[in-house]
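Peer 1: Below is a structure I'd like to ask you about.
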Amino acid sequence: MNQEVQSAYVHFPFCVKKCAYCDFVSFAGKSDQMEPYVEALCKEIQLTRAESILEDSYAGLSTVYLGGGTPSHFSRVQIKKVLTQLEESFGINKDAEITLEVNPGTVDYSNFAAYRAIGINRISIGIQSFSPALLSTLGRIHTSQQGRDAISAARAAGFINISCDLMTGLPGQTRQDVIDSLSELIENEVPHISFYALSVEEGTPFYDYYHHHEDRLPDADLERDMYHSMIKILQQKGYNHYEISNCSLPGMESRHNMTYWKALPYYGFGCGACSFRNEWRTGNTTKLDEYISLMLGPASQLSDIKSDTDYITLSESRKEFMMLGFRLIQGVSIDEFAKRFDVQMNDIFGVELAELIAADLIFYEDGSYRLSRKGLDYANQVFRAFV
Ligand code: SF4
């Protein structure tokens, strides 16, 4: 039986300027394409609805995530147009979580007030750090003060559900830098905090600077120290460490991201976006011009923009459940596995689980297998056991 699709991700791949470490599907200096892109998005949503009406079972969207790129680079009218299209095509449930990613360099109070007025109820702010030197190294367009102002303005406009991102492992970053930035967020009572280690990706300016000069970056021990220090502080302040890279105050976990970690289906709209439904994972073209022209062309079809299409077999589906589920601190539940796949987890993965326990990477507790403290540092080894 097909699972209900309750989540939609919409990608807005435009930025004011490309950050020095970024390899996401995002483009700078293409503002003239933003309006046609919104039209193309609406078309893709309509076509998906027409296709899915025969295939999917659903009762409206429970989570919508507007990510990027920089969605807040778009006008409120453009963002509203996309939300309206989602509502008309799929319906958005009254209690849906609707998140908008925001770059502090693109917003003020009036933006946040407008976002509230069009139904957005969760804001994710890309703070990264409050250190002026680190923001400059990263090539971010905002200052640390703009980061602070964005949090205050979001709150003043009535947002309660606010998430902020921080980065670790940055060039020249000290443990104290990380703690200082984190402390500001905690003092501001930001209810959801995500933290990501820098990954030096090919094709970025950072790759040229650091790929052969890793000595210019904090070493692995220091990066791990930053990570565990953050978690310890957050837990002392009442935050729940619920996913490898995410902590929240009780009840403020990201419902949308839970869809991914629970390996549930979702729609993905936009250039470079991925979808997962009815055992098919598909990826849209990452070429902006191609995406727009194909979607807005005569007799456009969804298949035109799909650059990747993979059928997820039952065996792969079970492995993904494990791989993604281990990202959650609550781990993978043997009951949930049995309910989803009608077979016992230990009958399928008994060998792998025993080896991971022997390596002290996971442990069993209260009906679930979870990452150990060592497993948090070597999570990739755990994921690889299910590839
Ligand atoms: S704002 Fe985000 S998506 Fe845009 S260039 Fe910077 S890191 Fe990449």
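The values are calculated or read from the model by the stated rules, or taken from the named source; none is laboratory data. Quick caveat, the model's predicted, so the values are computed rather than measured. Methodologically, a virtual Cβ is constructed for each residue, glycine included, from the backbone with ideal geometry; neighbour enumeration extends over all protein chains shown. Note: accessible area is taken over every heavy atom of the protein model, side chains too, but ligands, DNA and RNA are not part of it. Shrake-Rupley method; radii C 1.70, N 1.55, O 1.52, S 1.80 Å.
Peer 1: Filter segment 171-190 down to residues that are assigned to a loop (DSSP other than H, G, I, E, B) and touching a strand residue (DSSP E or B) at 6+ places or on another chain (Cβ under 6 Å), then give me how many there are.
Peer 2: Of the residues in that region, 1 qualify.
Peer 1: Among the residues in segment 191-210, are any surrounded by fewer than 19 Cβ atoms within 10 Å (Cβ to Cβ) and among the polar types (S, T, N, Q)?
Peer 2: Checked segment 191-210: at least one residue is surrounded by fewer than 19 Cβ atoms within 10 Å (Cβ to Cβ) and among the polar types (S, T, N, Q).
Peer 1: Take the conditions without any contact (Cβ under 8 Å) to a residue 24 or more places away in the chain, away from the ligand (no atom under 16 Å from the Cβ) and not small (Gly, Ala, Ser) and apply them to residue 5. Does it pass?
Peer 2: no
Peer 1: Just one of the numbered conditions (1) surrounded by fewer than 21 Cβ atoms within 10 Å (Cβ to Cβ); (2) farther than 24 Å from residue 246 by Cα; (3) within 19 Å of the chain's Cα centre (by Cα) is not true of residue 79; which one?
Peer 2: Result: residue 79 fails condition (1) only.
Peer 1: Something else now. Among (1) within 16 Å of the ligand (Cβ to nearest atom); (2) aromatic (Phe, Trp, Tyr); (3) crowded, with 22+ Cβ neighbours inside 10 Å, which single condition is residue 24 missing?
Peer 2: Here residue 24 clears every test but (3).
Peer 1: Going through 62, 89 one at a time, which residue ends up being under 17 Å from the mean Cα position of the chain (by Cα) and either among the small types (Gly, Ala, Ser) or open to solvent by 10 Å² or more (accessible area, probe 1.4 Å) (or both)?
Peer 2: The unique qualifying residue is 62.
Peer 1: Hey, can you tell me all the residues within segment 133-161 that are in a helix (DSSP H, G or I), more than 16 Å from the ligand (Cβ to nearest atom) and surrounded by 15 or more Cβ atoms within 10 Å (Cβ to Cβ)?
Peer 2: If the condition is that a residue be in a helix (DSSP H, G or I), more than 16 Å from the ligand (Cβ to nearest atom) and surrounded by 15 or more Cβ atoms within 10 Å (Cβ to Cβ), then 148, 149, 151, 153, 154, 155 are the ones that fit.
Peer 1: Considering only residues that are touching a residue at least 40 places away in the same chain (Cβ under 8 Å), open to solvent by 20 Å² or more (accessible area, probe 1.4 Å), more than 16 Å from the ligand (Cβ to nearest atom) and part of a helix (DSSP H, G or I), which ones fall in segment 28-59?
Peer 2: 35, 36, 39, 43, 46, 47, 49, 51, 55
Peer 1: Mind checking which helices (runs of 4 or more DSSP H) fall wholly inside segment 225-315 and carry at least 3 residues that are of a type in the set (A, V, I, L, M, F, W, C) and open to solvent by less than 40 Å² (accessible area, probe 1.4 Å)?
Peer 2: Qualifying helices (runs of 4 or more DSSP H): 288-296.
Peer 1: Being more than 14 Å from the ligand (Cβ to nearest atom) and buried (at least 21 other Cβ atoms within 10 Å of the Cβ) is the filter here; which residues of segment 120-132 pass it?
Peer 2: Those that are more than 14 Å from the ligand (Cβ to nearest atom) and buried (at least 21 other Cβ atoms within 10 Å of the Cβ): 120, 122, 123.
Peer 1: Working only within segment 366-382, note down all residues that are in contact (Cβ under 8 Å) with a residue 12 or more places away in the chain and either hydroxyl-bearing (Ser, Thr, Tyr) or farther than 23 Å from residue 222 by Cα (or both).
Peer 2: Scanning segment 366-382 gives 367, 368, 369, 370, 372, 378.
Peer 1: May I ask you to list pairs of residues, at least six apart or on different chains, whose Cβ atoms are under 7 Å apart, with the first in segment 16-27 being closer than 14 Å to residue 208 by Cβ and the second being among the β-branched types (Val, Ile, Thr) and more than 8 Å from the ligand (Cβ to nearest atom)?
Peer 2: 20/204; 21/204; 22/204; 23/204
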